[in-house]
Amino acid sequence: MDTKWKTAAATVIGREHRRTDRPCQDAFAIRRGARAVVAVVCDGCGSAAHSELGARLGANLLAAALVARLDGGAGVAERATWRGACDEVIAQLAALVPALDADPTAAIARHFLFTVLAAAIGDDGAAILAIGDGVIAVDGAVRVLEAEDDAPGYLGYELLGRPAQLELTALPAPSSIVLASDGARPLAAELAGLAGEDRLFANPDALRRRLAIAGREPGLLLDDTTIIALRREAS
């Protein structure tokens, strides 16, 4: 790539999860390849017993699949690139289902329901994939993705024979991208300028500390919250 992208990322457990002694069900992954950088945020289904497993696997598997395809010459804005990467994730998760429960439906419902926000940046531009809810900011323009009837889409539905809704947005030449799980909705206005804060990229713990402080405020970060900020720097 002819430009360098800096990244900052953090996850904090939501106040309600701490109160009810539930694990953090968010996960993220960042992968850099020879021709691309990929960032993925996954948020496990809140009512599922162990959706943190699917979120972590989903984030890492999707990031790896996308980097491999983009380094191999696939187009960053081509739907086939993203569809193929998602198909690879589904196949890998399907192989694990028998080890989790004799009842495949129960195993999937407990472990493999998670939303996806993913950004990929290559030599030919960038793109963002959304499956479910969350918050996105591109060059300071914030978009909050809402779940209809509080029922977000999950990539894991495809393990149950239900097609997931993949929303792909091409970005010809962005300067900054922020991805956040739906727990960050109370901070949506702040996400507009997040990528412009130098200290978040200079100190790898700065973003986590900022989220931890925000979580002490009444009404903020009740749910698990994950944020990844990416910023283009001149090479």
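The values are calculated or read from the model by the stated rules, or taken from the named source; none is laboratory data. Because the structure is a prediction, the values reported are computed rather than measured. With ideal geometry, Cβ positions are generated from the backbone for all residues, glycine too; neighbour counts draw on all protein chains shown.
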Self-check item: Odd one out for Gly75 among (1) surrounded by 24 or more Cβ atoms within 10 Å (Cβ to Cβ); (2) touching a residue at least 40 places away in the same chain (Cβ under 8 Å); (3) not in a strand (DSSP E or B)
Solution: (1)
Quiz prompt | Those residues of region 25-57 which are within 25 Å of Asp224 (Cα to Cα), of a type in the set (Gly, Ala, Ser) and touching a helix residue (DSSP H, G or I) at 6+ places or on another chain (Cβ under 6 Å), in sequence order | solution = Ala27, Ala29, Gly44, Ala48, Ala49, Gly54
Exercise. Select, from Thr7, Thr81, the only residue that is part of a helix (DSSP H, G or I) and of a type in the set (Val, Ile, Thr).
Key: Thr81
Exercise. Just one of (1) at pLDDT 95 or above; (2) exposed (fewer than 15 other Cβ atoms within 10 Å of the Cβ); (3) acidic (Asp, Glu) trips up Asp149, so point out which.
Key: (1)
Quiz item: Got at least one residue in region 110-132 being touching a residue at least 60 places away in the same chain (Cβ under 8 Å), part of a loop (DSSP other than H, G, I, E, B), in contact with a helix residue (DSSP H, G or I) (Cβ under 7 Å, 6 or more places away or on another chain) and surrounded by 23 or more Cβ atoms within 10 Å (Cβ to Cβ)?
Solution: yes
Quiz item: Among the listed residues Ala65, Ala55, Ala9, Ala48, which satisfies the condition of being in contact with a strand residue (DSSP E or B) (Cβ under 7 Å, 6 or more places away or on another chain) and buried (at least 20 other Cβ atoms within 10 Å of the Cβ)?
Solution: Ala55
Quiz item: How many residues does region 190-207 hold that are within 26 Å of Val76 (Cβ to Cβ) and part of a helix (DSSP H, G or I)?
Solution: 7
Exercise. Considering every residue within region 218-232, establish whether at least one is touching a Gly at 6+ places or on another chain (Cβ under 7 Å), under 25 Å from Ile13 (Cβ atoms) and of a type in the set (Asp, Glu).
Key: yes
Quiz item: Mind checking which residues of region 12-47 are out of contact with any Ser or Thr (no Cβ under 6 Å at 6 or more places or on another chain) and assigned to a strand (DSSP E or B)?
Solution: Ala27, Ala29, Arg31, Arg32, Ala36, Val37, Val38, Ala39, Val40, Cys42
Quiz prompt | Candidates Leu179, Leu221, Leu187, filtered to the one that is in a loop (DSSP other than H, G, I, E, B), of a type in the set (A, V, I, L, M) and closer than 24 Å to Glu52 by Cα | solution = Leu221
